[in-house]
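The values are calculated or read from the model by the stated rules, or taken from the named source; none is laboratory data. Keep in mind that what you see is a predicted model, and the values were worked out from it rather than measured. Because the Cβ atoms are built from the backbone with ideal geometry, glycine has one as well, and the counts that use them run over all protein chains shown.
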Amino acid sequence: MRIGVDGGGTKTDFILIDDVSGSLLAQRRAPGCNPSHLDKATIRRLITENIAALLGEVAEHSPAPDSGPQPTITHCCLCTAGAPPFWRELAAELASGPTPLGQVHSFDDSLPVLELATSGGPGLVLHSGTGSFVAARGPDLQPHYAGGLGWRIGDQGSAYDLGRRAAERALLELQGWTRPPRPSALGKAVCEQLGIHTAGALLQHIYDTPASGAVGTAVTLSSLAPLVTALAAQGDPAATEILHDSVHEFARLARTVSERLFGETETAAEAPSHNADGKNRADVREGPRIPASAQPLPSPHIRVGLSGPILQSETARHVVAQVLGPQHQLHLITQPPLEGLRQLLARL
């Protein structure tokens, strides 16, 4: 049997699959486990307790000890967000702990959606959820990761970034400094959702989020993203501008990754600039090496998966297609990341 853990800032999913068939045997869901949000002791407890509970569920249906060989865990795969050194340390602890977990791997949380996008072959995935990142497999089939810098820095194209821009727009409208000066549908919707209608009160609400502090601020702003995508779909100019600008910056990062790994493609409508000081260059990090599927090298068309609710919008997809250019074949990822984790586990 094989255990998979998919953990981010919002939730942590645990699955157990059969070694031979790859079928799902059990699964659990727990709160998020991002080290940017929680202390390490809490995360350790969350991971170990839920793995134990997952194994306990299976043990209830396993053969009696005297009826033959008992199922064993051959692999445990952690696909988690934030602080790679911490997760490698925790993986080592699990590997040497009292519960036999076989080979324990620590991967980035981008790998499940990358698996869904490319099935282990060359290509890219753009993921836009609470945060955002670009993940890719180059011609050598090894994974790479770009962006995912976290809400404190921005994560363009993410729910947090859309919400931050929406709050900024609403604040400037309340101050009377937008053009045109009258409130937009988006500005009104932000105020109505938060129940606040003055600039001072809105600023105080954003910066003085009780109890959860800065993390609470990120959650508050992320909750505004659906207003942006919904109103952009209805043609609101302010929402459309915010969605376009945020996704455009995100897509430029993806184009940089594509050019670095696959070479420059045919000229797109808008290509990213590469200044002498390095501004706008992607920080592309080589990912961990995992077994690669027997896949051909990329064709003249580069496969690109779009993951997350924001990239489901027609405006966002149009922006990505415009920035990446015609040699990139875009497709929407409709399966949940857990399916990508299951597929990844099956070929470890």
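Restricting the first member to the stretch 84-104 and to residues that are under 18 Å from Ala41 (Cβ atoms), and the second to residues that are of a type outside the set (Val, Ile, Thr) and in a helix (DSSP H, G or I), the beta-carbon pairs closer than 7 Å and six or more apart or on different chains are Phe86/Lys40; Leu90/Arg44. Among the residues of the stretch 47-75, those that are on the phi < 0 side of the Ramachandran plot, at pLDDT below 80 and small (Gly, Ala, Ser) comprise Ala59, Ser62, Ala64, Ser67. Could you please find all residues in the stretch 119-142 being out of contact with any helix residue (DSSP H, G or I) (no Cβ under 6 Å at 6 or more places or on another chain) and either surrounded by fewer than 24 Cβ atoms within 10 Å (Cβ to Cβ) or in a loop (DSSP other than H, G, I, E, B) (or both)? Ser119, Gly120, Gly121, Pro122, Gly129, Gly131, Pro139, Asp140, Leu141, Gln142 - these are the residues of the stretch 119-142 that are out of contact with any helix residue (DSSP H, G or I) (no Cβ under 6 Å at 6 or more places or on another chain) and either surrounded by fewer than 24 Cβ atoms within 10 Å (Cβ to Cβ) or in a loop (DSSP other than H, G, I, E, B) (or both).
On the basis of being of a type in the set (A, V, I, L, M, F, W, C), over 16 Å from Arg2 (Cα atoms) and either crowded, with 18+ Cβ neighbours inside 10 Å or modelled with pLDDT under 95 (or both), does Val113 make the cut? Judged against the criteria, Val113 is a match. All conditions in (1) at pLDDT below 95; (2) surrounded by 15 or more Cβ atoms within 10 Å (Cβ to Cβ); (3) not small (Gly, Ala, Ser) hold for His274, with the sole exception of (2). Is it the case, given these coordinates, that Val320 is modelled with pLDDT of 95 or more and in the same structural domain as Pro143 (by TED's automatic domain parsing)? Spelling it out, Val320 is indeed modelled with pLDDT of 95 or more and in the same structural domain as Pro143 (by TED's automatic domain parsing). State yes or no: is Ile153 within 30 Å of the chain's Cα centre (by Cα), assigned to a loop (DSSP other than H, G, I, E, B) and without any contact (Cβ under 8 Å) to a residue 24 or more places away in the chain? So Ile153 fits the description; yes. Residues in the stretch 209-227 that are under 16 Å from Asp155 (Cα atoms), modelled with pLDDT of 95 or more and part of a helix (DSSP H, G or I): Ala225 alone. I'd like to check something: does the stretch 106-114 contain any residue that is over 26 Å from His37 (Cβ atoms) and not polar (S, T, N, Q)? No, because not a single residue in the stretch 106-114 is over 26 Å from His37 (Cβ atoms) and not polar (S, T, N, Q). Of the numbered criteria (1) under 23 Å from Leu162 (Cα atoms); (2) surrounded by fewer than 19 Cβ atoms within 10 Å (Cβ to Cβ); (3) at pLDDT 50 or above; (4) not β-branched (Val, Ile, Thr), the one Lys279 fails is (3). When Ala170 is tested against (1) in contact with a strand residue (DSSP E or B) (Cβ under 9 Å, 6 or more places away or on another chain); (2) crowded, with 24+ Cβ neighbours inside 10 Å, exactly one condition is not met: (1).
Sub-6 Å Cβ pairs linking a first residue in the stretch 240-268 that is over 12 Å from Ala321 (Cα atoms) and modelled with pLDDT of 95 or more to a second residue that is acidic (Asp, Glu) and part of a helix (DSSP H, G or I), at least 6 apart or interchain, are Ser246/Asp161, ordered by first then second residue.
Considering the stretch 317-339, and only residues there that are without any contact (Cβ under 8 Å) to a residue 24 or more places away in the chain and surrounded by 15 or more Cβ atoms within 10 Å (Cβ to Cβ), the residue that is farthest from Arg252 (Cα to Cα) turns out to be Pro336.
For the stretch 175-190, the criterion of being modelled with pLDDT of 90 or more, in a loop (DSSP other than H, G, I, E, B), among the aliphatic types (A, V, I, L, M) and over 27 Å from Gly325 (Cα atoms) is satisfied by no residue at all.
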